[in-house]
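I have placed the structure first, in the form of structure tokens, so that the comments after it can refer back to it.
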Amino acid sequence: MSQIDSILGLADLTIQRVDRGRIIQVWASPKTRPSCIHCPNHPVRIKATHLRTLKHTRQGNQLVVLYLSVPKYHCLGCNRYFRHPFKGIRPRFRATECFRLEVFEAHDGGVCQSKLSLTHKISSATVERWYQHHIKKRVSELSSRPCPQILGIDEHFFSRKKGYATTMVDLKNHKVFDVVLGRSEASLQGYLSRLRGRDQVKFVVMDLSETYRNIVQRYFPNAKIIADRFHVIRLVNHHFLKMWQQHDPVGRKNRGLLSLMRRHQWNLKFEQKINLNEYLEQYPVLRAMYEAKQKLNSILLTKNIRAKGARELIPKLMELIDQFANSPVKTLAQTLKSWLEPIVRMWRFSKSNGITEGFHTKMEMMSRRAYGFRNFENYRLRVLAHCGWNGVFNRV
């Protein structure tokens, strides 16, 4: 391909003429005559030629308009007609695929429709139509994905009218696998029963939700449940603060004390430890619960240990659970016992649902940018296109 023929970036085209003005006008024609698409190895003749006008990718700040001569061929072998096929140019379209993709990426990057209408000489409705086309194209490439082996499940708020939605994330590849409306077993039953590759899921990371645990045990038979470390620590702190409220309602409202109680003891400064000890001396029961909470949190924060180390930590964990069972926070002990296996598994597992929570932040920003979504399917397409796609189109 010569230097002048490479100005378009389209294969098998010969440039005949270029006029540079406010708009770059390029006249081109096919370089070779193809064989018949119906019966190869037969000669063809040119029956007629018509001119197509196409918008092409901009050069600098100038729009490129392509005037393409399209021959109509007649096969002498099968007596059939066909038009010349072009790579990157679809039939009956007024723009090349490169130009459509350029508009999509600009709009996806934040350029508004009115700005693109001025720079690319197309209407706002065309920008929206092309954008929706490429969004659906992204999602169609994800339809054949297998179910991930490491799955993260969590809920997030969608709208007041339709309530919550369930997010399923591929924690190994850091991609959103799917978003389903609802968070109960009844609302998710139809989707999960049709989900292919459910038996391939090995681990499911989730918060301490009884509903999601029942769903995983029923629809993912080979998966092992792993508790999310953040939610376990938050549960322990929640019960401790609730018990503190019962012992000292006035001190519970003190912001300085609240900040010290929430932190891990090993993160406190020397002066902060002195102030906290002076307060806890007034409440012996609260002091004992605070020390037990710190020991429990230090055990729960252990990660990436071997099976031998996990077996050594289990007696210490059970001792603290028994201590909580004979204290005002009996409910916490019951919850920890019912979730003992998922909690122990998180010591050996490095993944957490922090990846899922990060995607929830992105989803919230998408919803804000669109001023909210009424149609859940449009919301799902947008989420999968931005958070579940690998960034490369397989077909152009």
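Each value in this text was obtained by applying a stated rule to the coordinates, not by laboratory testing. All values derive from a computational prediction rather than experimental measurement. Here Cβ is always computed from backbone atoms with ideal geometry, including for glycine, and neighbour counts include all displayed protein chains.
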Rounded to 10°, Cα long-axis angle of helix 354-369 versus longest principal axis of the chain:
60 degrees
Which pairs, out of Lys273/Lys295; Lys162/Lys202; Lys303/Lys337, put more than 21 Å between their alpha-carbon atoms?
Lys162/Lys202
Compare the Cα positions of Gly77, Val65, Ala95 along the charge dipole of the stretch 60-113 (+1 at Cβ of Lys, Arg; -1 at Cβ of Asp, Glu; about the Cα centre) and return the one farthest towards the positive end.
Gly77
With label points set 7 Å from each Cα along the Cα-to-Cβ direction at His247 and Arg22, the distance between them in nm comes to 7.9 nm
Ranked packing of 263-269, 61-67, most packed first, by mean Cβ within 10 Å
61-67, 263-269
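Which trypsin sites (Lys or Arg not before Pro) in the stretch 80-148 sit in a loop by DSSP (not H, G, I, E or B) and have at most 13 other Cβ atoms within 10 Å of their own Cβ? Mind dumping the intermediate values first?
Details: sites: Arg80, Arg83, Lys87, Arg92, Arg94, Arg100, Lys115, Lys121, Arg129, Lys136, Lys137, Arg138; in loops: Arg80, Lys87, Arg92, Arg94, Lys121.
Within the stretch 80-148, the qualifying trypsin sites (Lys or Arg not before Pro) (loop, at most 13 other Cβ atoms within 10 Å) are Lys87, Arg92, Arg94, Lys121.
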Roughly how tilted is helix 185-194, in degrees to the nearest 10 and between 0 and 90, from the longest Cα axis of the chain?
50 degrees
Taking the Cβ of Ser209 as the center, what net charge do the other residues with Cβ under 9 Å away carry, scoring Lys and Arg +1 and Asp and Glu -1?
-2
Which percent, to the nearest 5, of DSSP beta bridges fully inside the chain are antiparallel?
75 percent
Roughly how tilted is helix 307-325, in degrees to the nearest 10 and between 0 and 90, from the longest Cα axis of the chain?
50 degrees
Computed from the coordinates I sent, Kirkwood radius over Cα pairs in Å equals one of [x] 26.5; [y] 21.6; [z] 21.0. Tell me the label.
[x]
Net length gained if the chain between Arg374 and Asn304 were fully extended (0.36 nm per residue, minus Cα distance):
20.9 nm
